[in-house]
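S.K.: Pasting a structure here, questions to come.
Coordinate-derived values only; no laboratory data. Bear in mind that the values here come from a model prediction, so they are computed numbers and not experimental data. Methodologically, a virtual Cβ is constructed for each residue, glycine included, from the backbone with ideal geometry; neighbour enumeration extends over all protein chains shown.
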Amino acid sequence: MVMRAGLVLGLLLVWLIVLLPLKAVVMLAGGDRLGFSDVYGTVWDGRIYDLDVQGVAIRETAVQLKPLGLLTGRLVVDWQVDDPELRGRGKAVLGGNRIDLSRTDISVTLDRLDAPDLPGLDRAERVQLRLGRLELDQGVCRQASGDARLGALASLAAGYGLDGPVLTGQFACRDDRLVLDFTGTSDGLELSGDVVFETEAMVWSLTAQTDEAAMADMLAIAGLRREGDVWRGEGRQAYAGYR
């Protein structure tokens, strides 16, 4: 009798969790510190509108929580964002101060990333990001794998009648931070550098080599400085929520 009652109560609890409004979970997860215009649906199939992520509003975020994960104190979420300048989907596991992302694909415009406004640069061009795995523990990068691709420089160079490189990169953890190391090679131009994702900003550095005067002019316009046969540049781009 006791076992049967326990089974009934357990099934009832699971049923209540499945029907739990997503808004209640968002508030329990710190909704008073999150920005959003509204939340609809249940944890099983819900939507968050105008979610504020580091000061950037995302028009619509669809989420599907795994209800049984709530019993373990972790939120297991399949998510998908729908925004004119930002699209993506993936899986997230949240627990305490730990975030674990996997199967994540993101496509974001340079304009949304607040990229430098260079002459001829199409800010509607997109950066393609793919994360196989990203583990953050209290902001410390524990594990990261994935790649990125940017074709905007090739398009920019083409506007000057030049052959520019497509940049490709790999994600990794370095000194407790998420880092993207990138390279790109085309006829007459070689680029390499990295982006370090710090708590409040992205810090980037870039090295370029070219033997073509027209390429050198383009690098100068982009704000790089010449050191012998090498061009260098670096900068810091604060996230929107920290400006």
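S.K.: Between residue 236 and residue 47, with labels modelled 7 Å along Cα→Cβ, what's the label distance in nm to one decimal, could you check?
M.R.: 4.0 nm
S.K.: How many nm separate the modelled label positions at residue 176 and residue 89, each set 7 Å beyond the Cα in the direction of the Cβ?
M.R.: Result: 3.6 nm between the two label points.
S.K.: For labels at residue 128 and residue 105 in the simple 7 Å Cα→Cβ model, what's the distance in nm?
M.R.: 0.9 nm
S.K.: Next question. What is the Cα radius of gyration of the stretch 73-138 over 2.2 N^0.38 Å, N being its residue count?
M.R.: Against the empirical 2.2 N^0.38 Å value, I get 1.35 for the stretch 73-138.
S.K.: If you stretched the chain out fully between residue 199 and residue 137, how much longer would it get, using 0.36 nm times the residue separation minus the C-alpha to C-alpha distance? Can you show the working numbers first?
M.R.: Numbers: separation 62, 0.36 × 62 = 22.32 nm, distance 1.25 nm.
Stretched fully, the residue 199-residue 137 segment lengthens by 21.1 nm.
S.K.: If N is the number of residues in the stretch 179-243, what value comes out of its Cα radius of gyration divided by 2.2 N^0.38 Å?
M.R.: Computed over Cα atoms of the stretch 179-243, the ratio equals 1.25.
S.K.: Something else about it: Whole-Hz Karplus ³J(HN,Hα) for the stretch 45-50, in order, using 6.51 cos²θ - 1.76 cosθ + 1.60 and θ = phi - 60°, x for Gly and Pro?
M.R.: With coefficients 6.51, -1.76 and 1.60, one gets 7, x, 9, 10, 9, 6 Hz.
S.K.: Using only the alpha carbons of the stretch 155-197, determine the length spanned along each of the three principal axes and report them from longest to shortest in whole angstroms.
M.R.: 41, 15, 10
S.K.: Once phi is turned into θ = phi - 60°, what whole-Hz ³J(HN,Hα) does the Karplus curve with 6.51, -1.76 and 1.60 give for every residue of the stretch 221-234, x standing for Gly and Pro?
M.R.: Karplus-based 3J(HN,Hα) across the stretch 221-234 equals 4, 6, x, 7, 10, 8, 10, x, 8, 10, 9, 10, x, 8 Hz.
S.K.: What list of ³J(HN,Hα) couplings, whole Hz, do you get for the stretch 193-206 from phi and the Karplus terms 6.51, -1.76, 1.60, once you set θ to phi - 60° and write x for glycine and proline?
M.R.: Those phi angles translate into x, 8, 10, 9, 8, 8, 4, 10, 7, 9, 10, 10, 9, 9 Hz.
S.K.: Here's something else I'd like to know. Please report, to two decimal places, log10 I(q)/I(0) for the stretch 118-240 at q = 0.10, 0.14, 0.23 Å⁻¹ as given by the Debye formula with identical point scatterers on the Cα atoms and no solvent.
M.R.: Values returned for q = 0.10, 0.14, 0.23 Å⁻¹ are -0.34, -0.64, -1.39.
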